[in-house]
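Asks: For reference, the structure I am asking about is given below.
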Amino acid sequence: MTATAANFAAVATVDPSTLRGWLTDGKGIAVLDVREVGVHTTAGHILLSAPLPLSQLEMKVASLVPRRSTRTVVYDGGHEGLSARAGQKLQELGYADVSMLAHGAAGWKAAGGELFTGINVLSKAFGEHIEHAENTPRLTVEEVMRRRDAGENLVILDSRTLREFQSFSVPGALSAPGPELVYRFHEVVKDPDTTVIVNCAGRTRSIIGAQAIINAGVPNKVAALENGTMAWLMAGYKLDTGKSRQPPLPSGPALEQARAAAVRLTKRFDVRSIDTATLEKFRGESKERALYVLDVRSPEEFEAGHLPGARWAPGGQLVQALDEWVATLNARIVLVDNPDAVRATLTASWLIQMNVGEIYVLPVSPAAASEKGPVRQKLAVALPEVTAVDPAAAKTQIDAGGVTVLDLDASARYQAGHIPGAVFALRSRLMGDVSRIPGKGPILLTSDDGALAAFAAVELAAATERHVSVVRGGTSAWRAAGLPSEMGVEQLLHPMEDTWTSPYSHEKEADRFAAFRTYLGWEIDLLDQIKRDA
């Protein structure tokens, strides 16, 4: 059902004081920052909110906020009008309890609330809390190198994703993302006298990873690499690139030791397990209580067979970036794993400590993991019918001249390769800048797979007399057809504010190191900022 103008005007407004009460009343709530991610991270956001840019709303909201009766609050900076548009769209999609925060982030700050810069702040602050609360051991780069040069028995485990590890890694380290640290530990660490060092790119996953191994009860000395690969580079050491070193999946005695660790974690943190019958009961109650079903295994295992309806969310990254998978506070979160349930148990132990909802572990037999293939995007509504042009025909039109190509994809993908002559644009800003779109002829929209372009095409066609169409299958189909691409950022309709800028992205070493120091200082200071946030 499409919202009328009257419905749009009826989107409720909530003041900061009321929202603060909602955030602490123990009931389900999703608070969504509908600005672009780059603005979310630089201008500052509410701690317990999740980023969901207006540009991506139809593509992501069904996964982030699966229950459409969830009490949902949207906000922007205060004056952009993005939250009003987001509120209307959510109503159109069937979300029944939507409010806008009065005066947005600016209003929250004016009322005495804290605004947090950076990305995945709740998870990163939790890592800092754990280091302080548990006194997690840490070693500096210099101390690690001294011990390595002295021939000490050391193993370095990298808790980031394999893709990140392949980009750069500490020489000699092994990739063991998140809960794989405990799951695969005894396949690579056979000697109880081996000192184990856990690293990531900065701090959080080093701390959480090291403490996870300690919590699992291994006999080894374990420490986090203080400040991760940032410190490694600033100390003057080189990193490897292109490596794929991983411990094997556990078997035999190593698997038994991993299972024993899961038992210890279950007892210590009161981890609750359910069966598939209970999950079906939860599914039947999902209109009353938000439910997330997340598979924490490796991508290869997930694609080989997973529980129907489960989303892939690797355990370590779920703890590191919870707001990228779960936007509803006080929801039910079911973590799906193999029958041994080691990785789900470890992940549950952290989420229980984060106090974000009801956490359960679901061990699933291979027979029940009947759905195969990669993660599929869950759209909140069917793709609209729009005029679509095959890549070859699109190229013919472009070559003939007069067509303006707008690329609405992520700026990182645009930079890496786009249709020659395409202009980068943000869907969220497009309606306010129709008159600034170059040219006077037809407009051709594209995005990675064409979905975002299709949603934007409907809006744009209603706002301009120019003919609007999309590339069928998007830029991915263009590349698959063997058509040329170009790199760079020569043509921008809007600034590239759709993404967080990593400290590693700076080309000059001096700039990169300065960004490292700023980032590390920000992360360490998070606990003090949280203390100021009532």
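The values are calculated or read from the model by the stated rules, or taken from the named source; none is laboratory data. Here the structure is a predicted model, which is why all the values come from computation and not from measurement. Methodologically, a virtual Cβ is constructed for each residue, glycine included, from the backbone with ideal geometry; neighbour enumeration extends over all protein chains shown. Areas reflect the complete protein model, heavy atoms only, side chains present, ligands, DNA and RNA absent. Shrake-Rupley method; radii C 1.70, N 1.55, O 1.52, S 1.80 Å.
Asks: Report, by residue number, each residue of the range 416-430 that is in a helix (DSSP H, G or I) and either at pLDDT 95 or above or surrounded by 15 or more Cβ atoms within 10 Å (Cβ to Cβ) (or both).
Replies: Scanning the range 416-430 gives 427, 428, 429, 430.
Asks: If you check every pair at least six apart or on different chains, which have Cβ atoms under 6 Å apart with a residue in the range 377-389 that is under 16 Å from residue 473 (Cβ atoms) first and a residue that is open to solvent by 40 Å² or more (accessible area, probe 1.4 Å) and not in a loop (DSSP other than H, G, I, E, B) second?
Replies: 384/458
Asks: While we're here: Output the number of the condition that residue 304 fails; it satisfies all remaining conditions of (1) touching a residue at least 24 places away in the same chain (Cβ under 8 Å); (2) crowded, with 22+ Cβ neighbours inside 10 Å.
Replies: (2)
Asks: Could you list, in sequence order, the residues of the range 479-519 that are under 21 Å from residue 230 (Cβ atoms) and in contact with a Lys or Arg (Cβ under 7 Å, 6 or more places away or on another chain)?
Replies: 503, 504, 506
Asks: Moving to a separate point now. Restricted to the range 312-343, and to residues that are touching an Asp or Glu at 6+ places or on another chain (Cβ under 7 Å) and of a type in the set (D, E, K, R), which residue is surrounded by the most Cβ atoms within 10 Å (Cβ to Cβ)?
Replies: 343
Asks: While we're here: Any chance the range 105-120 includes a residue that's of a type in the set (A, V, I, L, M, F, W, C), buried (at least 17 other Cβ atoms within 10 Å of the Cβ), within 21 Å of the chain's Cα centre (by Cα) and not in a helix (DSSP H, G or I)?
Replies: yes
Asks: Quick one: which helices (runs of 4 or more DSSP H) lie wholly within the range 135-227 and hold at least 2 residues that are buried (at least 16 other Cβ atoms within 10 Å of the Cβ), under 24 Å from the mean Cα position of the chain (by Cα) and of a type in the set (A, V, I, L, M)?
Replies: In the range 135-227, the matching helices (runs of 4 or more DSSP H) lie at 180-183, 204-215.
Asks: Let me ask another. Six or more apart or on different chains, Cβ under 6 Å: which pairs go from a residue in the range 494-521 that's closer than 22 Å to residue 116 by Cβ and without any contact (Cβ under 8 Å) to a residue 24 or more places away in the chain to one that's open to solvent by less than 80 Å² (accessible area, probe 1.4 Å) and assigned to a helix (DSSP H, G or I)? Could you list them?
Replies: Hits for this filter: 515/503.
Asks: Scan the range 123-134 for residues that are over 22 Å from the mean Cα position of the chain (by Cα) and open to solvent by 50 Å² or more (accessible area, probe 1.4 Å) and jot them down.
Replies: 132, 133, 134
Asks: Return the residue satisfying two criteria in turn: it lies in the range 238-267 and is part of a helix (DSSP H, G or I) and touching a Gly at 6+ places or on another chain (Cβ under 9 Å), and of such residues it is most open to solvent (accessible area, probe 1.4 Å).
Replies: Out of the qualifying residues, it is 264.
Asks: Picking from 452, 520, 483, which residue would you name as being at pLDDT 95 or above and in a loop (DSSP other than H, G, I, E, B)?
Replies: Going through 452, 520, 483 in turn, just one is at pLDDT 95 or above and in a loop (DSSP other than H, G, I, E, B): 483.
Asks: Looking only at the range 271-298, which residues are open to solvent by 10 Å² or more (accessible area, probe 1.4 Å), assigned to a loop (DSSP other than H, G, I, E, B) and more than 25 Å from residue 69 (Cβ to Cβ)?
Replies: 271, 275, 297, 298
Asks: Here's a follow-up. Can you name the number of the only condition in (1) open to solvent by less than 20 Å² (accessible area, probe 1.4 Å); (2) farther than 26 Å from residue 33 by Cβ; (3) over 27 Å from the mean Cα position of the chain (by Cα) that residue 460 fails?
Replies: Unmet condition: (2).
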